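Visitor: The structure under discussion is supplied below as structure tokens; questions concerning it will follow.
The values are calculated or read from the model by the stated rules, or taken from the named source; none is laboratory data. Keep in mind it's a predicted model, so treat the numbers as computed, not measured. Neighbour counts are summed over all protein chains in view; Cβ atoms, including those assigned to glycine, are modelled from backbone coordinates with ideal geometry. Quick note on the areas: whole protein, heavy atoms, side chains included, nothing else; ligands and nucleic acids left out. Shrake-Rupley method; radii C 1.70, N 1.55, O 1.52, S 1.80 Å.
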Amino acid sequence: MKKIIATGMFSWILLMACKKQDDLVFRENNNVYFDFTDYIKNTRIDSFFYSFALFPEKSIDTLLLPVRISGERASYDRWFKAQVIAEGTTALVGLHYKMLDSAYKIPADSGRTFLPLIISGSDPLLLDTSVVIKLKLMASSAFGNDFPSYDTAKVTFSNRLEQPLWWVVWESDLGVYSRVKHELFIRTSGTTELQLDNSDWQSTPKTLFYLRQFRAFMMDPIARAADYKDKGYAIGQEPDGTYYFYNTGNLNKKYPLEHSTADGRYYFHDENGNRIVPQ
């Protein structure tokens, strides 16, 4: 099983367990609660967003949701329960996520563990919409559920990206936004985001490097794909002769290329069928 710390940025920043208020940890009664903290705002959060579009090598991922106990630790394994709340959940079991186990273990002498939530991004509808899974911790023979403000979690996920603010700043170099172009930028530029200020002389050279990397790939994707072999990317060919760019870790995600007889070059198309022309 892959931990979220290894699967990508969704993220350990948001999901890593953090020290909670002492009045929860040291309550006399044994209870379980989700232990989420937004480190930037230093506040508890219960909603998270994940996009498979950020991780092209994955069609399935495991999100590790941190769970903590209040009360005393024990010298033996104990078990807690969780369930999906039908109200508010739009994801379909079997299609978008794996059914939860009947119980999850708190190891002996431990005060915390992770609830593994296995999600799938293979549904084509996730390219256009997001789905939600709402979870609730339940009482068991070992643990109560006395913290209603801390017993739920909502995970929203899709296989699409949204236009970031920095795209407008660098639109003269990137061109009109599309999700496919955004995905290709992430795959080939060497970064997932650009600075919001194009007047910062210290960081602008690095940004221009990323833009040049992206443009060079888009100008000749078949030749330049070899530069990304160490990242798992390659050019494949369909039986009809059509070339496509893809990650060898996820054969479900392909970026077809159209050959232009007018100039002899290969072009990608965006989600609306429009040719993506390098700037």
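Visitor: Taking the stretch 176-216, which residues are of a type outside the set (A, V, I, L, M, F, W, C) and in contact with a Gly (Cβ under 9 Å, 6 or more places away or on another chain)?
Guide: 181, 210, 213
Visitor: Moving on to the next point. Suppose we filter the stretch 46-85 for residues that are at pLDDT below 95, part of a loop (DSSP other than H, G, I, E, B) and closer than 16 Å to residue 136 by Cβ; how many remain?
Guide: Residues that pass the stated criteria total 1.
Visitor: Looking at the stretch 185-203, which of its residues are surrounded by 15 or more Cβ atoms within 10 Å (Cβ to Cβ) and over 23 Å from residue 233 (Cβ atoms)?
Guide: Selection gives 195, 198.
Visitor: Restricting the search to the stretch 42-73, which residues are crowded, with 16+ Cβ neighbours inside 10 Å and among the aromatic types (Phe, Trp, Tyr)?
Guide: Correct list: 48, 50, 52, 55.
Visitor: Moving on to the next point. Farther than 26 Å from residue 122 by Cα, touching a residue at least 24 places away in the same chain (Cβ under 8 Å) and open to solvent by less than 60 Å² (accessible area, probe 1.4 Å): does that describe residue 207?
Guide: It is true that residue 207 is farther than 26 Å from residue 122 by Cα, touching a residue at least 24 places away in the same chain (Cβ under 8 Å) and open to solvent by less than 60 Å² (accessible area, probe 1.4 Å).
Visitor: Among what's in the stretch 158-184 and is open to solvent by 20 Å² or more (accessible area, probe 1.4 Å) and among the basic types (Lys, Arg), pick the residue that is farthest from residue 51 (Cα to Cα).
Guide: Ranking the qualifying residues of the stretch 158-184, first place goes to 179.
Visitor: In addition: Any idea which of (1) among the β-branched types (Val, Ile, Thr); (2) more than 16 Å from the chain's Cα centre (by Cα); (3) crowded, with 19+ Cβ neighbours inside 10 Å is the one residue 119 doesn't satisfy?
Guide: (2)
Visitor: Can you confirm whether the stretch 8-30 contains a residue that is crowded, with 17+ Cβ neighbours inside 10 Å and modelled with pLDDT of 85 or more?
Guide: Yes.
Visitor: If residue 149 passes every condition in (1) part of a loop (DSSP other than H, G, I, E, B); (2) small (Gly, Ala, Ser); (3) surrounded by 13 or more Cβ atoms within 10 Å (Cβ to Cβ) but one, which one does it miss?
Guide: Result: residue 149 passes all but (3).
Visitor: Pull out all pairs, ordered by first then second residue, where Cβ-Cβ is under 9 Å, the residues are six or more apart or on different chains, the first lies in the stretch 255-267 and is closer than 12 Å to residue 220 by Cβ, and the second is among the small types (Gly, Ala, Ser).
Guide: Close Cβ pairs satisfying both conditions: 266/260; 267/260.
Visitor: When you scan the stretch 102-134, how many residues do you find that are more than 21 Å from residue 36 (Cα to Cα) and either among the small types (Gly, Ala, Ser) or assigned to a loop (DSSP other than H, G, I, E, B) (or both)?
Guide: Initially, the stretch 102-134 is screened for residues more than 21 Å from residue 36 (Cα to Cα), giving 102, 108-109, 120-130.
Next, only the ones that are either among the small types (Gly, Ala, Ser) or assigned to a loop (DSSP other than H, G, I, E, B) (or both) stay: 102, 108-109, 120-123, 128-130.
Final tally of qualifying residues: 10.
Visitor: Consider residue 272 carefully, then state whether it is more than 24 Å from residue 177 (Cα to Cα), of a type outside the set (Asp, Glu) and touching a residue at least 12 places away in the same chain (Cβ under 8 Å).
Guide: Answer is no for this residue.
Every residue, every condition in (1) open to solvent by 70 Å² or more (accessible area, probe 1.4 Å); (2) within 19 Å of residue 279 (Cβ to Cβ); (3) without any contact (Cβ under 8 Å) to a residue 60 or more places away in the chain, yes or no:
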residue	(1), (2), (3)
213	no, yes, yes
221	no, yes, yes
232	no, no, no
239	yes, no, yes
242	no, no, yes
247	no, no, no
253	no, no, no
